[in-house]
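The next block holds one structure in the form of structure tokens; read it before the comments.
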Amino acid sequence: MTQVEGELRQPAAAARPPVYLSAIGTALGAPCAARDLQLGGRETLLATLIEDGFHTHRRHQGAMDELIARALRQALDRWPGAAASIDVILYASTRISPADADTVSAACRAEGLSEAALIGLGFGGCANLATAIHVAQALVRAGAYSTVAVITADRGSDDDRVAAMDQGVLSDGASACIVAAKPGGPESFEILGTATRGHQGLREIDFMARRPHFLMTTAKAVRGATRAALSQAGVEVGDIEGFITANIQRTSVQFYGDICRIAPERWFPDSKADLGHSFGTDLLENLRRARQNPHRRGPWLVLAVSPYLWGALVITPLQALDARERCSTDRLG
């Protein structure tokens, strides 16, 4: 074990039990044209978002348990094991309350998960999903559980469909996946490394008035999360063959890509044109779509961001594992 900049780093050859992400399921509301949104005098912002690619957003008029049940059913249909094999459910959302717990519980019971423990994770904004996957892989790797269902679900406000810091047009959606000690079929990924970073002080600042401070703090946190995830994975930045983010403005993807030293030709296309920005759901949907590209064998860097929490995942499609030799980590500058 070596030490760099005060951090203990595991050798690349250190034996760690593998953890896999499998069985992605997503469910979204009905498509609605972004041009029909009423933003109360912010027509210029709407035009900018549409020009950036946000042509559609999704709205769901029914109860959220409908979307949650649909996403969970997709995941369980793609999972080769029985629903009863799932030990615990991690639910990640910006909406965490006793009423939300009842909603999620009803959806899980309907899909045969009556005996799995239900744990809620919130307060991370659009980075909630990455936090849940980070926690799930830690639980599995530690041997506390062997199979964890991760669910995320959120809906936009009827009054304002613009994401924080004008990053996109909000959509209603839910998604689910299984994090486990065994792969769930050929569409699985191995989770090589995960990390999160946060800064609670940013919750109270005026982002526009203190833009330089916000950008410098964000850059430091993203760099730290990415460095830690790469270190855990035992790969170099130059080995990253794909970069996946949520559906946000392209200038922000450029900002994060520059911080992580990921060239534009390694960015995967997003799904903003037909999904909008659905909190954590579009991140899993983008990962699912990237899985269909046979030319990007991995490893990939998945970055989740909010104004005050950032999560990095290093993953590799299962079919690529045998073809790649793991390397020691290259520190980000």
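Rundown of residues vs (1) at pLDDT below 90; (2) part of a strand (DSSP E or B); (3) of a type in the set (Ser, Thr, Tyr); (4) farther than 20 Å from ALA23 by Cβ, yes/no style:
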site	(1), (2), (3), (4)
THR251	no, no, yes, yes
TYR256	no, no, yes, yes
LEU287	no, no, no, no
ASN293	yes, no, no, no
ARG296	yes, no, no, yes
ALA304	no, yes, no, no
ALA312	no, yes, no, yes
ALA320	yes, no, no, no
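Can you find a residue in the stretch 223-230 that is over 30 Å from SER146 (Cβ atoms) and of a type in the set (Ser, Thr, Tyr)? For the stretch 223-230, residues over 30 Å from SER146 (Cβ atoms) and of a type in the set (Ser, Thr, Tyr): absent. Taken as a whole, the condition of being aliphatic (A, V, I, L, M) and not in a helix (DSSP H, G or I) applies to VAL150.
Within the stretch 159-179, the residues that satisfy the criterion of being part of a loop (DSSP other than H, G, I, E, B) and farther than 20 Å from ILE96 by Cβ are ASP159, ASP160, ARG161, GLN167, GLY168. Going through the stretch 281-308 one residue at a time, which ones are open to solvent by 50 Å² or more (accessible area, probe 1.4 Å) and either under 13 Å from the mean Cα position of the chain (by Cα) or under 22 Å from LEU67 (Cβ atoms) (or both)? Correct list: ARG288, ARG289.
Considered as a group, the residues in the stretch 230-249 that are hydrophobic (A, V, I, L, M, F, W, C) and assigned to a helix (DSSP H, G or I) include one that is farthest from the chain's Cα centre (by Cα), and that residue is VAL237.
Check off (1) open to solvent by 10 Å² or more (accessible area, probe 1.4 Å); (2) modelled with pLDDT of 95 or more for ALA225 and give me the number that stays unchecked. Every listed condition holds for ALA225 apart from (1).
Would you confirm, using the coordinates I've provided, whether PHE279 is at positive phi and aromatic (Phe, Trp, Tyr)? Against the criterion (at positive phi and aromatic (Phe, Trp, Tyr)), PHE279 qualifies. Taking the listed residues ARG109, ARG155, the one that is in contact (Cβ under 8 Å) with a residue 40 or more places away in the chain and either touching a strand residue (DSSP E or B) at 6+ places or on another chain (Cβ under 7 Å) or surrounded by fewer than 24 Cβ atoms within 10 Å (Cβ to Cβ) (or both) is ARG155, with no other qualifying.
Here is a yes/no grid of residues against (1) free of Cβ contacts under 8 Å to residues at least 60 places away in the same chain; (2) among the hydrophobic types (A, V, I, L, M, F, W, C):
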{"site": "ALA164", "(1), (2)": "no, yes"}
{"site": "GLY173", "(1), (2)": "no, no"}
{"site": "ALA180", "(1), (2)": "no, yes"}
{"site": "PRO183", "(1), (2)": "no, no"}
{"site": "LEU192", "(1), (2)": "no, yes"}
{"site": "MET208", "(1), (2)": "yes, yes"}
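Looking for something in a loop (DSSP other than H, G, I, E, B), of a type in the set (A, V, I, L, M) and in contact with a strand residue (DSSP E or B) (Cβ under 9 Å, 6 or more places away or on another chain) - is there at least one such residue anywhere in the stretch 209-229? Scanning the stretch 209-229, I find no residue that is in a loop (DSSP other than H, G, I, E, B), of a type in the set (A, V, I, L, M) and in contact with a strand residue (DSSP E or B) (Cβ under 9 Å, 6 or more places away or on another chain), so the answer is no.
Under the condition of being at positive phi and surrounded by 12 or more Cβ atoms within 10 Å (Cβ to Cβ), the residues counted in the stretch 24-66 number 1. Can you name the residue in the stretch 17-53 that is touching a strand residue (DSSP E or B) at 6+ places or on another chain (Cβ under 7 Å) and among the hydroxyl-bearing types (Ser, Thr, Tyr) and is also nearest to SER157 (Cα to Cα) among such residues? The selected residue is THR26.
With respect to the conditions (1) at pLDDT 90 or above; (2) within 21 Å of THR26 (Cα to Cα); (3) open to solvent by 10 Å² or more (accessible area, probe 1.4 Å), ALA263 falls short on a single one, namely (2).
Mind checking which residues of the stretch 112-131 are at negative phi and without any contact (Cβ under 8 Å) to a residue 60 or more places away in the chain? Reasoning before the result, please.
Going through the stretch 112-131, the residues at negative phi turn out to be 113-122, 124, 126-131.
Within the stretch 112-131, LEU113, SER114, GLU115, ALA116, ALA117, LEU118, ILE119, GLY120, LEU121, GLY122 qualify.
Could you tell me which of the residues HIS199, HIS213 is in contact with a Ser or Thr (Cβ under 9 Å, 6 or more places away or on another chain), open to solvent by 30 Å² or more (accessible area, probe 1.4 Å) and not hydroxyl-bearing (Ser, Thr, Tyr)?
On the way: HIS213 fails: in contact with a Ser or Thr (Cβ under 9 Å, 6 or more places away or on another chain).
One residue alone meets the criteria, HIS199.
Inspect the stretch 243-258 for any residue being out of contact with any strand residue (DSSP E or B) (no Cβ under 7 Å at 6 or more places or on another chain), more than 20 Å from ALA136 (Cβ to Cβ) and among the acidic types (Asp, Glu) and give the result as yes or no. For the stretch 243-258, residues out of contact with any strand residue (DSSP E or B) (no Cβ under 7 Å at 6 or more places or on another chain), more than 20 Å from ALA136 (Cβ to Cβ) and among the acidic types (Asp, Glu): present. Contact map, the stretch 35-47: first residue basic (Lys, Arg), second residue assigned to a loop (DSSP other than H, G, I, E, B), Cβ cut-off under 9 Å, separation 6 or more or different chains; pairs are ARG35/HIS55.
The values are calculated or read from the model by the stated rules, or taken from the named source; none is laboratory data. Since the structure is predicted, the reported quantities are computational estimates derived from the model, not experimental observations. Reconstructed Cβ throughout: ideal geometry from the backbone, glycine too, with neighbour counts over all protein chains shown. Accessible surface areas use protein heavy atoms only, side chains included; no ligands, DNA or RNA. Shrake-Rupley method; radii C 1.70, N 1.55, O 1.52, S 1.80 Å.
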